[in-house]
Amino acid sequence: MAAELGLAWQDDTPLAAVFAGNVVPVGADPIATAYAGHQFGQFVPQLGDGRALLLGEVIGRDGTRRDIQLKGSGRTPFSRGGDGRAALGPVLREYLVSESMHALGIPTTRSLAAVTTGEPVFRGARLPGAIVTRVAASHVRVGTFEYFSARGDVDGVRCLADYVIDRHYPELKSAAQPYLELLAAVTRRQAALIAGWMHVGFIHGVMNTDNTAISGETIDFGPCAFMDAYDPATVFSSIDSYGRYAYGNQPAMAQWNMARFAETILTLLDADTQRAVDMATPVVNSFREQFETCWLAGLRRKIGLVTSEDDDAALVSALLDLMQRAGADYTLTFRRLCDAAGADAGAAAANILGASPPIELAQWITAWRARLARDPQLPADRARAMRAVNPAYIPRNHRVEAAIAAATERADFAPFHEMLQVWSRPYEEQPGREAYLLAPLPAERVLQTFCGT
């Protein structure tokens, strides 16, 4: 990541001090940014970076401008009574999961560095403090727009929209309706992003508008988790009591967030509120179709198809239904399906759901094979393509928790480094690391995750 950013240091540069915020890099002018947000549906007019500082921006070797931010570096004007610190556990979780998401090919913020501070933080217990350095396309959120909109600051909203267009969507500058096209572009990116989450079983856990990046990146990895057994109602976040952000609700919640974004720019669309609403509504309503298009395209690839037929959605839905009824592991099922796509893989096909599959599985396999027969791929090529989109290794929650426990309780970072290495190659076979393929045993299952604030 440092190489991509074009960052380089002298041998005597105190890197730990830099990434702890104790030494400000030359050219940096740190700021904490303001934003508002709907948190679990309730509007909060002022949130902001309560424990983060934006060091500045760097233009990388590829010409892309990126933010570099310290998270957990201390109090800011937006700390709202908090200490502004981060515990080591949440820092390691963000580092592991964000880098894993990058390796999975899903747009995400990145983790450049993690340091321990040598100071304790208190989160119901005394825990080691730490700071993560986050790299993002930008930290502009839907909540950033809400901050200015809630104050009636039309000029502020316009300035922010122009900035976002210039930085993230420069192709919109010449559009007849640039702000309407901005809404459409952000909606498209969010639809594709959420589809990507769903393809790998990722559950964000806290999809508030202040955690929705205008750039279309995954941001804020507090109570996030990966689903083991397939169930659309799966929730891990300890603060999501009613399942608002359950796995299966994520598309609807993303569309809800796009409606909130649309509300903030209505004044830029037309001076007449009703005309502005009439312009924005079809764009927001297009989210569902765009999501379903991205989702189905990805599921086609996951089951080995490169062509489309009208009944493909029903074929996919039937498999997901069987998985849910069998309590089958989401990741393992699709990875086993790669083996079942080979030329002579009858036994592999029968085992894709693990032990005691529903009797209807054989019917599904027959329908699937008939569909594959109409798809122009050789079996070996199909299996290879499927392995490129069905990960073998994901940050399983019990593994992440084990790495966190080793680091926080014993100062042992070896599990963290090994997991980071394994999850950096999620689609590859890794001999000797078969244990990382396995779903958790009943006693190992993680039932709740926590945001760490």
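Data table
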{"read-out": "Calculated SAXS-style log₁₀ I(q)/I(0) at q = 0.21 Å⁻¹ - the stretch 232-388, Debye, Cα scatterers", "value": "-1.30"}
{"read-out": "For the chain, accessible area per residue (1.4 Å probe, heavy atoms of protein chains only), Å²", "value": "43 Å²"}
{"read-out": "Kirkwood-based shape ratio for the chain, expressed as Rg/Rh from alpha carbons", "value": "0.98"}
{"read-out": "The stretch 94-152: C-alpha gyration tensor shape, a/c 1.5 cut-off, then a/b vs b/c", "value": "oblate"}
{"read-out": "Sorted peptide list for 305-313, 329-337, 63-71, criterion being average Cβ within 10 angstrom, highest first", "value": "329-337, 63-71, 305-313"}
{"read-out": "Mean Cβ count within 10 Å, highest first, over the residues of peptides 180-188, 208-216, 156-164", "value": "208-216, 180-188, 156-164"}
{"read-out": "Options ALA414, ALA326, VAL277, ranked by Cα towards positive dipole end of the chain, top entry (Cβ charges)", "value": "ALA414"}
{"read-out": "Helix-only CD estimate at 222 nm, as mean residue ellipticity for the chain, using -39500 (n - 2.57) per DSSP H run (n ≥ 4)", "value": "-14000 deg cm²/dmol"}
{"read-out": "Paramagnetic reach from ARG61 in the stretch 1-43 [backbone N under 15 Å; point 7 Å along Cα→Cβ]", "value": "1-9"}
{"read-out": "Within the accessible area of the stretch 344-428 (1.4 Å probe), percent carbon and sulfur", "value": "57 percent"}
{"read-out": "Gyration tensor verdict on the stretch 308-447 (Cα atoms; rounded if a/c is under 1.5, prolate if a/b is larger than b/c, oblate otherwise)", "value": "prolate"}
{"read-out": "Per-selection Rg to Rh, the stretch 1-66 - Cα, Kirkwood hydrodynamic radius", "value": "1.10"}
{"read-out": "Those residues of the stretch 168-210 whose amide nitrogen sits under 16 Å from the label point placed on GLN274, 7 Å along Cα→Cβ", "value": "none"}
{"read-out": "Cα principal axis extents for the stretch 380-443, largest first, Å", "value": "46, 25, 18"}
{"read-out": "Rg followed by Dmax, in Å, when the stretch 108-229 is reduced to its Cα trace", "value": "17.5, 56"}
{"read-out": "Contact order normalised by residue count of the stretch 53-186, Cα under 8 Å, 6+ apart, percent", "value": "20 percent"}
{"read-out": "Relative contact order of the chain, defined on C-alpha pairs under 8 angstrom at six or more residues apart (%)", "value": "15 percent"}
{"read-out": "Overall dimensions of the stretch 281-344 by Cα: Rg and Dmax, Å", "value": "14.0, 51"}
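The values are calculated or read from the model by the stated rules, or taken from the named source; none is laboratory data. Please read these numbers as outputs of a predicted model, since none were measured by experiment. We place every Cβ from the backbone using ideal geometry, glycine too, and count neighbours over all the protein chains shown. Only protein heavy atoms, including side chains, enter the accessible area calculation; ligands, DNA and RNA are left aside. Shrake-Rupley method; radii C 1.70, N 1.55, O 1.52, S 1.80 Å.
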